[in-house]
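Asks: This structure is in C-alpha cells; I'll ask about it shortly.
What follows draws every value from the coordinates through simple rules; no lab data is involved. Source: prediction; values computed, not measured. All Cβ positions, glycine included, derive from the backbone under ideal geometry; neighbour counts span all protein chains shown.
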Amino acid sequence: MSKQTAIVLVHGFWGNASHWNRVILKLSRKGYTSLHAVEMPLTSLADDAERTRKMVAQQNGPVLLVGHSYGGAVITEAGDLPNVVGLVYIAAFAPDAGESPGGITQQHPPEAAANLSPDSDGYLWVLPDKFHESFCPDLTPEEGFVMSVTQKAPLASTFGNTITAPAWKKKPSWYQISSEDRMIAPANQERMSARLNARKVITLAASHASLASKAEEVAALIDEAAKETAPA
C-alpha cells in the first residue's frame, strides 16, 4: 500500500464532511495519513466542483476522489485533474455528459421522494420526522435524529445542474451499490455503475448511508482502489 496517495472524501446532499467519520477512522487504522473531507456549500455543481478542485490542488501527490450521493456528480465534474488517479462512488450519482442528478432521479424516483420539502429560500430538506426512515434506517434512531438535525440542505436548483465532461471516461473507477437505498433508487445505481467500465462494483445490503452503516466494507473498497492506483 502506498501512503503517498491522498484520499479526498466528498459528501452529498443532506450531509456534510462529518458523514465520513467512520470511514475516516477505518482508513486511518489501515495506515492512510493523508485524509481530507471536503465541506461543500451545496449551492451549485460549479461551486461544489470548484471547492473540490481546490482541495485536490493542495495535495502534492496522487489523489483518489471518493464521492457519496451527489458527491459522485461532483467528483465526476471535478475529477479530470492530472493528479487524480481514480474515482470511487459510494451509493452515488455518476452522470454522463449533459445529465443531472435530477434528471437521473426522474428515471427511477426513489422511495423517499415524497419526504423532500423545499423552503421559502429555495433549499430542499428531508422532512425531519422522515429523515431516519428515508436516509439511514440501518442506523439507530438516535444517529438518524442527529443526522436529521445536522442535515445540510442543497439549493434545489443544484439538482438540475448538468455534467460537462465526465471524469469517469478517463479515470479508473469503483462503485458501491446500496440495495436498500431510499434516496437514490438502486435501479439507477445499477445503471450508472454498469456503464462506468468500473474496476470493481460491489453491492451492500445498506441504506443510502452506507458510509456510516457499512463503514468497514466502504473503507475496504477505498483501500483497494488506493492500492490499485498507487504509484510504482
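Asks: Scan (1) within 22 Å of H108 (Cα to Cα); (2) touching a residue at least 60 places away in the same chain (Cβ under 8 Å); (3) surrounded by 20 or more Cβ atoms within 10 Å (Cβ to Cβ) for the single condition L221 breaks and write down its number.
Replies: (1)
Asks: Out of everything in the stretch 133-151 that is out of contact with any Phe, Trp or Tyr (no Cβ under 7 Å at 6 or more places or on another chain) and outside any loop (DSSP other than H, G, I, E, B), what residue ends up being nearest to I184 (Cα to Cα)?
Replies: Looking at the filtered set, the residue picked out is S134.
Asks: Quick check: anything in the stretch 168-178 part of a helix (DSSP H, G or I) and either in contact (Cβ under 8 Å) with a residue 24 or more places away in the chain or surrounded by fewer than 18 Cβ atoms within 10 Å (Cβ to Cβ) (or both)?
Replies: yes
Asks: Oh, and also: Go through the stretch 113-132 and report how many residues are at negative phi, in a loop (DSSP other than H, G, I, E, B) and of a type in the set (G, A, S).
Replies: Counting residues in the stretch 113-132 that are at negative phi, in a loop (DSSP other than H, G, I, E, B) and of a type in the set (G, A, S) gives 1.
Asks: Also, I was wondering about something else. I'd like to check something: does the stretch 224-232 contain any residue that is surrounded by fewer than 24 Cβ atoms within 10 Å (Cβ to Cβ), in contact with a helix residue (DSSP H, G or I) (Cβ under 9 Å, 6 or more places away or on another chain), in contact (Cβ under 8 Å) with a residue 60 or more places away in the chain and not β-branched (V, I, T)?
Replies: No - not one qualifying residue is present in the stretch 224-232.
Asks: Now a separate question. Restricting attention to the stretch 96-112, which residues are in a helix (DSSP H, G or I) and either in contact (Cβ under 8 Å) with a residue 40 or more places away in the chain or under 16 Å from S178 (Cβ atoms) (or both)?
Replies: P101, G102, G103, I104, T105, Q107, E111, A112
Asks: So in the stretch 181-208, with the set limited to residues that are touching an Asp or Glu at 6+ places or on another chain (Cβ under 7 Å) and in a loop (DSSP other than H, G, I, E, B), which one is nearest to H108 (Cα to Cα)?
Replies: Residue satisfying both the conditions and the ranking: R182.
Asks: Can you name the number of the only condition in (1) of a type outside the set (G, A, S); (2) out of contact with any Phe, Trp or Tyr (no Cβ under 9 Å at 6 or more places or on another chain); (3) crowded, with 19+ Cβ neighbours inside 10 Å that N188 fails?
Replies: So N188 meets the others, but not (2).
Rundown of residues vs (1) in contact with a strand residue (DSSP E or B) (Cβ under 7 Å, 6 or more places away or on another chain); (2) within 15 Å of P137 (Cβ to Cβ), yes/no style:
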{"site": "A167", "(1), (2)": "yes, no"}
{"site": "K170", "(1), (2)": "no, no"}
{"site": "W174", "(1), (2)": "yes, no"}
{"site": "I184", "(1), (2)": "no, yes"}
{"site": "Q189", "(1), (2)": "yes, no"}
{"site": "M192", "(1), (2)": "no, no"}
{"site": "R195", "(1), (2)": "no, no"}
{"site": "T203", "(1), (2)": "yes, no"}
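Asks: Can you confirm whether L65 is within 16 Å of the chain's Cα centre (by Cα) and either surrounded by 17 or more Cβ atoms within 10 Å (Cβ to Cβ) or within 23 Å of S100 (Cβ to Cβ) (or both)?
Replies: Considered against the rule, which asks whether it is within 16 Å of the chain's Cα centre (by Cα) and either surrounded by 17 or more Cβ atoms within 10 Å (Cβ to Cβ) or within 23 Å of S100 (Cβ to Cβ) (or both), L65 comes out as yes.
Asks: Of these, A113, A78, A97, which one is surrounded by fewer than 19 Cβ atoms within 10 Å (Cβ to Cβ), touching a Ser or Thr at 6+ places or on another chain (Cβ under 9 Å) and within 23 Å of S173 (Cβ to Cβ)?
Replies: Within the list A113, A78, A97, the selection yields A97.
Asks: Please go through (1) under 23 Å from H108 (Cβ atoms); (2) in contact (Cβ under 8 Å) with a residue 24 or more places away in the chain; (3) of a type outside the set (F, W, Y) for K130 and return the number of the only condition it doesn't satisfy.
Replies: So the condition that K130 fails would be (2).
Asks: Out of the residues in the stretch 152-165 that are out of contact with any strand residue (DSSP E or B) (no Cβ under 8 Å at 6 or more places or on another chain) and assigned to a helix (DSSP H, G or I), which is surrounded by the most Cβ atoms within 10 Å (Cβ to Cβ)?
Replies: Across the stretch 152-165, the extreme among qualifying residues is T158.
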